[in-house]
């Protein structure tokens with residue numbers, strides 16, 4: 001056989017194998033459960049706790065009222081994206097408890113090993129507010145607060161992180177926001 005014919009034959013075999021491989025990959029699709037992308041009941045419950053509707057002329061009223069409420073609650077306003085209706089704020093609070101420190105101090109004295117360094121030190125609370133126009137009615141806007149917390153230890157390592165799901169906190173925030181919106185709209 002000629003060297004050129006061998007090269008063409010080799011290329012043909014490689015292309016045939018590559019084609020078979022691609023065809024076999026295209027035919028196998030992963031099997032997902034039907035409701036893999038469906039939110040769980042607890043996620044829907046948390047979302048309903050985090051969301052309220054307000055009748056106002058535009059979303060800037062809700063954003064302005066929210067700024068006042070969050071500042072009254074000692075949050076620092078980190079970012080405002082008025083065209084998108086998004087606001088983020090945060091504050092850092094003391095996260096250590098006397099009981100935790102006493103227990104870790106005793107462990108350090110008895111066992112050693114630097115347990116005090118693992119004590120909670122600071123907690124950062126992050127608030128995100130998203131305001132969207134309602135699809136149902138004109139002059140109605142949906143506001144959703146999301147509260148997250150990050151707890152750091154003495155060495156500034158993350159000790160705990162998660163979404164705050166306490167309904168009373170959200171209820172309190174929305175009550176304050178409702179009052180603030182009322183004041184904003186009555187001044188106009």
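Looking at the range 137-159, which of its residues are more than 28 Å from residue 61 (Cβ to Cβ) and in contact (Cβ under 8 Å) with a residue 24 or more places away in the chain? Lay out the reasoning, then the answer.
Step one: list which residues in the range 137-159 are more than 28 Å from residue 61 (Cβ to Cβ), which gives 149-159.
Across the range 137-159, the qualifying residues are 149, 150, 151, 152, 153, 154, 155, 156, 159.
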*Of all residues in the range 139-188, which are outside any strand (DSSP E or B), under 17 Å from the mean Cα position of the chain (by Cα) and surrounded by 12 or more Cβ atoms within 10 Å (Cβ to Cβ)?*
164, 165, 167, 169, 170
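Tell me, which strands (runs of 3 or more DSSP E) lie completely within the range 1-94 with 2 or more residues that are loosely packed, with under 12 Cβ neighbours inside 10 Å and either at pLDDT 90 or above or out of contact with any helix residue (DSSP H, G or I) (no Cβ under 8 Å at 6 or more places or on another chain) (or both)? Break it down into steps so the answer makes sense when it comes.
Numbers: elements: 51-55, 76-81, 86-94.
Filter on the range 1-94 gives 76-81, 86-94.
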*Examine the range 125-138 for a residue that is at pLDDT below 65, surrounded by 13 or more Cβ atoms within 10 Å (Cβ to Cβ), closer than 25 Å to residue 170 by Cα and in contact with a strand residue (DSSP E or B) (Cβ under 6 Å, 6 or more places away or on another chain), and state whether such a residue exists.*
no
*For residue 159, which of the numbered conditions (1) at pLDDT 80 or above; (2) more than 16 Å from residue 69 (Cα to Cα) fails to hold?*
(1)
*Could you please let me know if residue 117 is surrounded by fewer than 17 Cβ atoms within 10 Å (Cβ to Cβ), at pLDDT 90 or above and not in a strand (DSSP E or B)?*
no
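Residue by residue through the range 160-170, note down the ones that are in contact (Cβ under 8 Å) with a residue 60 or more places away in the chain and either over 13 Å from residue 144 (Cα atoms) or out of contact with any strand residue (DSSP E or B) (no Cβ under 7 Å at 6 or more places or on another chain) (or both).
Initial filter on the range 160-170 (in contact (Cβ under 8 Å) with a residue 60 or more places away in the chain): 163, 165, 167, 170.
163, 165, 167, listed by residue number.
Could you please let me know if residue 97 is surrounded by 11 or more Cβ atoms within 10 Å (Cβ to Cβ), closer than 25 Å to residue 168 by Cα and modelled with pLDDT under 70?
Working: surrounded by 11 or more Cβ atoms within 10 Å (Cβ to Cβ): yes; closer than 25 Å to residue 168 by Cα: yes; modelled with pLDDT under 70: yes.
For residue 97, the condition - surrounded by 11 or more Cβ atoms within 10 Å (Cβ to Cβ), closer than 25 Å to residue 168 by Cα and modelled with pLDDT under 70 - is met.
The values are calculated or read from the model by the stated rules, or taken from the named source; none is laboratory data. From a predicted model like this one, the values you see are computed outputs, not experimental measurements. Counting neighbours? That spans all protein chains shown, and the Cβs are built from the backbone with ideal geometry, glycine included.
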